[in-house]
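Asks: I am attaching a structure below and will ask some questions about it afterwards.
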Amino acid sequence: MISFLAQARFPAPEFDNYTVPQLQLETLVRDPIIWRVSTLLVFLVVSGLCFYRWRSSKTMRLLALAGVVIFGFIFTACPCPVGMFQNLLSAFVHGQPLGYGLLLLFAIPLAAALLFGRLFCAGACPLGAVQELLLWKPIRIPVSVDRALRFVPIALFLLVVVVVVAGMAFPLCSLDPYLPLFLWSCSIPTVAFLVLGLFVSRPFCRYVCPYGVLLRLFSLVSWKTPAVTVQTCITCRLCEQGCPNGAILPPESAPTSEVQARGVRRLSRLIAAVPLALCLGGVLGWIAAPVVSAAHPAVRLLADIEAHRTSDAVEAFEASGTPLAQLQNDVAQARHVFDWGMPLAGVLLAGAVMAELIAQARRRRESSSYTIDLSLCYCCGRCYAACPLNRKRDARKGTTT
Amino acid sequence: MISTRKFLRVLFGGGLLAPFLWLAGKRKSRKAAFLWQIDPDKCIQCGKCETACVLEHSAVKCVHQYAACGYCLFCSGYYQDKRVKFDTAAENLRCPTDAIKRKYIEDPYFEYTIDESACIGCGRCVKGCAAYGNGSLFLQIRQELCKQCNQCRIAEICPSHAVVRVPADQPYIFKRPPEVKT
Amino acid sequence: MKNHAMRSTFRFLQRVVVIFLICLGLHMLHDAVRSDQVLTAGHEQLELLKQQDMSNPKLAALAREMDFIYRSTYFQTHDKRRFGLRLLGVGLLALCILLGAERFFLPPELAVPKGSSPERDSGGLIATTICGVVGLLVVLIVLSNNVHKSSLPTLFTNDKYQSKEDGSLSSATQPPASVAQPPATVTQPPASVAQPPALADALEAETRQWPQFRGSLLPNRNALPANWRFREKWKTAIASPGFNSPVVWDGKIFLTGADEKARTLYCYDVQTGKEKWRVVCDTAPRIPKASEDTGLAPPTVCADAERVYAIFGTGEMVCCSHAGETVWRKQLPFPDINYGYASSPLLLGDRLIVQYDLNEVQTLYAFNVLNGETLWEKKRDAAPSWSSPVAWVANGKAIVFTAGCKTAEAYNAQTGESLWRQECMGGEVATSGSVRDGIFYFSNTGAFTGAFSATDGKILFKNEDTPAPDVASAVLYNDLYILFTSGGSVLGIDAKDGKELFEENFDNGFYASPVAVGGKIIAANLDGDLLLLSATREKLIVEAKYSMKTKLFAVPALSGGNVIVRTGANDLICLEAEP
């Protein structure tokens, strides 16, 4: 029997006809991680077959539905691979426990991205699958806005890294707006993102998801890629319009010498501006550091104590009897991380922005056919449905079988 | 161009492999699963558990360690500080949802039971019991309700850092486990 | 054409669902924000009301009503929210199915390349909007009327709020509770709880055990070993170091050990030396610096028939039952004192006296043995000390004697009231006094050697010439007061006038306090000799000697004719007389 007394102000009475009930609590542990991992693996293999072998948008859609049910509602969407890189980081920096299962959960989608592109986003990610299914009337985002917003995930990624290294909670998990949906709960961001998702394709994946940054990087060098069959393409532009994410780029005619010269000038100017941009990023990060560090609980607690404000945290701190010096030490460490990490993150973000701009300036080369920007393709299969040749093939299949 | 891509692919693949190698090196200290739990010794009953949980009704519930209960007639977890009568009238009680049930055992002792369908995990009774009683009431995350979020929302805002990760084979933290060896 | 009709049906249904979803989402958003505000405000009001005078029946009725409204609203809101989300989920699923079905059953519509003007059936939009809004209205009406009432927990039956008495709790058993009654009155233990026995009985019972530092407060009645030729009955290594002495009660040996990680109270079986249990304290917020020959566990524990009480050099206190269950714990203020805190507690029936003299503040505490509550505490100006309190008990009243580096003082153990105070001390006081027949005897080098009247504090005699002990406390033996110094001298002085009668010299000094039992003195010295002594007015007689070959710092304990020794090597040894 477990017995304890916190403070025995009143000794337990002795009863005549009454036995003291034992405290029994359910010790059930929910689905072991191995089920999640193996289901994910199977799911990704099936997605790969559907996408590359059968080239079927219908099955991709069914897979997304299955993904919502299996990974969203049955496995309750959390822990999911999207949040896992925080655990990995935390395990590396703070030595927090991290099981193989969680690590696999983090790595399998990346490995899949290395092999097949962002298949994970299509259906195996419950967040992506929900957005995929709920896209009703896609609005085309202006290209410049789209490009600018695409840096938000990179900025968030860097911010999350700094914040996790500084020992705060995992901020990405609070960013996930769809989790309450899978838990039959309600929050304002959930509804907002769901409504937005009716008109904007994958608002979370494209403009928020920091894990997507990693997937984007990995998918850029993936082994098998979706491609337009150049030989048979009739350049009807239907696939370009059918893609809600703007991943299909139209053919470019060979640039005139004048355009080429302008491109070179632009490129040289951009390269010259790189050091300036990096410095600017660093300075911005340095300015943001105190703002971000003010959100750190230890920093806030110390500020409260020094200003003699009362809060629950101050009360808890005083009750715990922890020496103030230890808190000050923690705060100094956290501040140190922010003071170094934020400028570094700023520099990296500026670097990413400049790299993108330079790549764009450089990209002016001739291409006679449609190309697919792998980093933007979420493997939804809408282009298959849009392509008249595919449909002809499907119709032929339909008649023969 | 192809070779660059191949090179990058190998680089990324290697990067992906690195954490596994690292983890294999630190094999010993890895437990299979970790669950969230409230350390009752650190808890200050601020009441945030009630609202912070992602679930509509928080997975945090009050539990009662009967073995430590004094079975008091005037339970300070049951009655609010300024009660005028020791009866079951609403104005005298502490629990906002009437989740504590009281049963007569023998003079002058009463058994107090938590009705978990009504308990919202606000911790008001816990505070009362800790302040004037034995502290036999305390808050725990009920593992059958908890969704095991990667980042517990309660842990994120808990002012006393009382929400901690516990190994799956010890899913609950009772106040000061016995240090008895027989 | 058939395809076209099907497609427009699908499109129509999709639109209805989408508009329904949007309206539902917006309604839920609004509802979430508003109901949270209402609930918070309602609860604050209720709490405020509960703080008012509830003996006023009107206010009480209002409180009940508000309480009922609050509870119903709380659960209604949550159920409504849950239902709304389910509905949202179902709507989303329906939309998915509709979208999927359209693609599945119908060939995809030919997308129209940019530039050409698409045909739009704009007429359908108005129709679908109207349908959606009407559908939503229906749902809202359903929501607000039926759903949550049916799913409300059954606890909202109004008779709950009729203030009914439960069980046999009649008004006769209720004490007249006034509003002004502070909550503390509720914390009094029920009268039926077994109170500790009366003080005289408790002290009498102690003499047959070995319950505290230097045995018992009254002359100990344990039997001496049959002879002084010993063999080791058992030997156990103690897991953590400590300079405290073992105590024994009913076949259980209690002692403590401590290091910076944990402070531990151990219980051993007196027959076998096996560890029965241990209780760990590791919650001290700060670990004080203690010198090596003090450590973190110098105070000896106290035991009574029910419980055992331990205090550590960290200010942690723990009380356990004899079975090893923790009864209460306590953390005293951080013990900031040179060398480390060392005073042993004194058990006086229902209270535990702790002399807590630190560098800055000196406090004498009395704790309730049942729950560790402070019965009284007395801040005093006594200078830091390492001495343990003793008490004189007569007519059921106890006078506690404390020695400090500045003063000797006496207190009423019942109330903590200061009885007398003599500023006659000096130096660093580490030894403890002795008591007999209303006289406190005390001797510490550099401080004072002499005697006080227990009741008024009159100095009966004073000896300023004799060397005095600085570690081991002197012992009363017949009409002698015998001092054992850490230099190895043993001095006998007259207990009536303080005249020096004899001096004997040993090769090595005494750290362990000697005890007088059964007409003999048991002493242990730093050579590891366990000495059985007696004395006349002329000389000290060494009756027997047993060599342990290890330094002895702790007072040996007697139990059932055996001697329990904690050695300097931190072993616990039970010595049994050879037949």
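Nothing in this text is a laboratory measurement; each read-out follows from the coordinates by a stated rule. Everything quoted here is computed from the prediction, not taken from an experiment. Because the Cβ atoms are built from the backbone with ideal geometry, glycine has one as well, and the counts that use them run over all protein chains shown.
Asks: Just tell me how shielded B:144-155 is by partners: mean number of partner chain Cβ atoms within 10 Å of each residue's Cβ, no decimals.
Replies: Details: counts 6, 1, 1, 10, 7, 11, 15, 12, 3, 4, 0, 2.
Average neighbour count from other chains, rounded to a whole number: 6.
Asks: While we're on this one: If we sort C:347-353, C:567-573 on the protection proxy, mean other Cβ atoms within 10 Å, highest first, what's the order?
Replies: C:347-353, C:567-573
Asks: Can you work out D for region A:237-308 in µm² s⁻¹ from Stokes-Einstein, where Rh is the Kirkwood radius over C-alpha pairs, the temperature is 25 °C and the viscosity is 0.890 mPa s?
Replies: Diffusion coefficient, whole number: 139 µm²/s.
Asks: With 19 Å as the cut-off, how large is the P(r) tail for region A:180-334, expressed as percent of Cα-Cα pairs? Display every interim value, and only then the final one.
Replies: Numbers: 9439 of 11935 pairs.
Taking all Cα-Cα pairs of region A:180-334, the fraction more than 19 Å apart is 79 percent.
Asks: Okay, moving on. So how long is each side of region C:355-485 along the principal axes, counting just the alpha-carbon atoms, biggest first, in Å?
Replies: 44, 36, 24
Asks: Then there is this: When the distances between all Cα atoms of region A:185-255 are binned every 10 Å from zero, what whole-number percent does each bin get?
Replies: Cα pair-distance distribution for region A:185-255, in percent: 15, 33, 32, 16, 4, 0.
Asks: Right, another one. Check cross-link reach from A:Lys58 to the lysines: straight Cα distance under 24 Å, and skip same-chain residues fewer than eight apart.
Replies: Counting by Cα, and skipping residues close in sequence, A:Lys58 has these lysines nearby: A:Lys137, A:Lys224, A:Lys392, A:Lys397, C:Lys2.
Asks: For region B:66-182, what log10 I(q)/I(0) values come out of the Debye formula at q = 0.12, 0.19 1/Å, with one point per alpha carbon and no solvent?
Replies: Summing over Cα pairs of region B:66-182 leads to -0.53, -1.12.
Asks: State the extension gain, in nm to one decimal, for the chain segment bounded by C:Gln331 and C:Val134, taking 0.36 nm per residue of separation less the distance between their alpha-carbons.
Replies: Numbers: separation 197, 0.36 × 197 = 70.92 nm, distance 6.73 nm.
Fully extending the segment from C:Gln331 to C:Val134 adds 64.2 nm.
Asks: Considering the convex hull of the alpha carbon atoms of region B:131-173, report its projected area averaged over all viewing directions, in nm², one decimal.
Replies: With every direction weighted equally, the projected area is 4.0 nm².
Asks: Go through region C:427-479 and name the chymotrypsin sites (Phe, Trp or Tyr not before Pro) that are in a DSSP coil and have 13 or fewer other Cβ atoms within 10 Å of their Cβ. All intermediate terms of the calculation are to be shown ahead of the outcome.
Replies: Details: sites: C:Phe440, C:Tyr441, C:Phe442, C:Phe448, C:Phe452, C:Phe461, C:Tyr477; in loops: none.
Loop-located and lightly packed - none at all.
Asks: Can you give the convex hull volume of the alpha carbon atoms of region C:277-389 per residue, in Å³?
Replies: Taking the convex hull of the Cα positions in region C:277-389, it is 95 Å³ per residue.
Asks: What's the long-distance tail for region C:401-449, i.e. % of Cα pairs beyond 19 Å?
Replies: Numbers: 272 of 1176 pairs.
Here the tail beyond 19 Å accounts for 23 percent of pairs.
Asks: What is the extension gain from A:Val283 to A:Ser253, computed as 0.36 nm multiplied by their sequence separation minus the C-alpha to C-alpha distance, in nm to one decimal?
Replies: Working it through step by step, the gained length comes to 6.7 nm.
Asks: Kirkwood Rh over alpha-carbon pairs of chain A, then Stokes-Einstein at 37 °C and 0.692 mPa s: what D in µm² s⁻¹, rounded to an integer?
Replies: Result for D is 133 µm²/s.
Asks: On the Cα set of region C:200-577, report Rg and Dmax in Å, please.
Replies: 18.9, 54
Asks: Hey, how many Å between the Cα centroid of region C:6-85 and the Cα centroid of region C:546-562?
Replies: Cα centroid to Cα centroid, the span is 75 Å.
Asks: Once you have all Cα-Cα distances for region B:105-144, histogram them in 5 Å bins from zero and send the whole-percent values.
Replies: 6, 18, 26, 25, 16, 8, 2, 0
Asks: Hey, could you grab the Kirkwood Rh for region A:33-225? Inverse mean 1/r over distinct alpha carbon pairs, Å, one decimal.
Replies: Values: mean 1/r = 0.0588 Å⁻¹.
Every distinct Cα pair counted, the radius reaches 17.0 Å.
Asks: Okay, moving on. Per q in 0.10, 0.22 Å⁻¹, report the Debye log10 I(q)/I(0) for region C:203-325, using one uniform scatterer on each alpha carbon and no solvent.
Replies: -0.32, -1.30
Asks: Take C:Leu224 and B:Phe7, extend 7 Å from each Cα along the Cα→Cβ direction, and tell me the distance between the two endpoints in nm.
Replies: Each label point is offset 7 Å from its Cα along the Cβ direction, giving 9.5 nm.
Asks: Modelling each spin label as a point 7 Å along the Cα-to-Cβ direction, I'd like the A:Ser311/A:Val145 distance in nm, to one decimal.
Replies: Spacing of the two 7 Å Cα→Cβ label points: 3.6 nm.
Asks: In nm, to one decimal, how far is the C:Thr40 label point from the A:Ala332 one, both placed 7 Å along Cα→Cβ?
Replies: Taking the two extended label points, one gets 3.8 nm.
Asks: From Cα coordinates alone, what are the radius of gyration and Dmax values for region A:39-104 in angstrom?
Replies: Computed over the Cα atoms of region A:39-104, radius of gyration and Dmax are 15.0, 45 Å.
Asks: Taking a point 7 angstrom from the Cα of C:Asn505 along the C-beta vector, which residues in region C:524-540 have backbone N less than 18 Å away?
Replies: Answer for region C:524-540: C:526-527, C:539-540.
Asks: What net charge do the residues around A:Cys383 carry, taking every other residue with its C-beta under 13 Å from that of A:Cys383, with Lys and Arg at +1 and Asp and Glu at -1?
Replies: Its environment carries a net charge of +2.
Asks: Also, quick follow-up: Compute the FRET efficiency between C:Asn338 and C:Lys261 as 1/(1 + (r/R0)^6), taking r as their Cβ-Cβ distance and R0 = 25 Å, and round to the nearest 0.05.
Replies: Using R0 = 25 Å, I get an efficiency of 0.60.
Asks: Can you list the lysines whose alpha carbon sits under 21 Å from that of B:Lys42, skipping same-chain ones fewer than 8 residues off?
Replies: List returned: B:Lys61, B:Lys127, B:Lys175, C:Lys261, C:Lys330.
Asks: To continue, here is another question. Between their Cα atoms, which of B:Lys48/B:Lys101; C:Lys406/C:Lys458; C:Lys274/C:Lys520 are more than 27 Å away from each other?
Replies: Violating the 27 Å Cα-Cα cut-off are C:Lys274/C:Lys520.
Asks: Taking 1 over the mean of 1/r across every pair of different Cα atoms in region A:333-388, what Kirkwood radius in Å do you get?
Replies: Evaluated over region A:333-388, this radius sits at 15.2 Å.
Asks: Continuing with this model, one more query. In bins 10 Å wide, starting from 0, what share of all Cα pairs of region A:257-362 does each bin hold, as a percent?
Replies: The distribution over region A:257-362 is 14, 29, 20, 15, 11, 7, 3, 0, given as percents.
Asks: Here's a follow-up. Under the definition of partner shielding as Cβ atoms of other protein chains within 10 Å of a residue Cβ, what is the mean value for peptide A:65-75? Walk me through the numbers on the way to the answer.
Replies: On the way: counts 5, 0, 0, 4, 1, 0, 0, 0, 1, 0, 1.
Mean shielding by partner chains, rounded to a whole number: 1.
Asks: Here is a follow-up. Work the Kirkwood hydrodynamic radius out for region C:330-370: mean of 1/r over every pair of different alpha-carbon atoms, inverted, in Å.
Replies: Mean inverse Cα-Cα distance, inverted, gives 11.0 Å.
Asks: Can you order the peptides B:94-106, A:328-340 by their average number of other Cβ atoms within 10 Å per residue, highest first?
Replies: Working: B:94-106: 18.3, A:328-340: 16.7.
Put in order of decreasing packing, that is B:94-106, A:328-340.
Asks: Ranked from highest to lowest mean number of other Cβ atoms within 10 Å per residue, what is the order of the peptides C:324-336, C:534-546?
Replies: The most tightly packed comes first, giving C:324-336, C:534-546.
Asks: Here's something else I'd like to know. Tilt of helix A:100-116 relative to the longest C-alpha principal axis of chain A, in degrees (0 to 90, nearest 10)?
Replies: 10 degrees
Asks: Explain nothing, just the number: dipole magnitude of region A:257-362 about its Cα centre with +1 on each Lys and Arg Cβ and -1 on each Asp and Glu Cβ, in debye rounded to the nearest 20. Could the numbers behind the result be given before it?
Replies: Details: 8 positive and 9 negative charges, 196 e Å.
Using only the charged Cβ atoms, the result is roughly 940 debye.
Asks: OK, next. Determine the sum of side-chain charges near A:Asp304: Lys and Arg each +1, Asp and Glu each -1, restricted to other residues whose C-beta is under 12 angstrom from that of A:Asp304.
Replies: -2
Asks: Given the Cα atoms of the protein assembly as shown, and with Rh set as the inverse mean 1/r over their pairs in the Kirkwood sense, what is Rg to Rh to two decimals?
Replies: Rg/Rh for the protein assembly as shown comes to 1.10.
Asks: What does the structure give for B:4-12 when I average, per residue, the other chain Cβ atoms found within 10 Å of the residue Cβ?
Replies: Counting other chains' Cβ atoms within 10 Å and averaging over B:4-12 gives 4.
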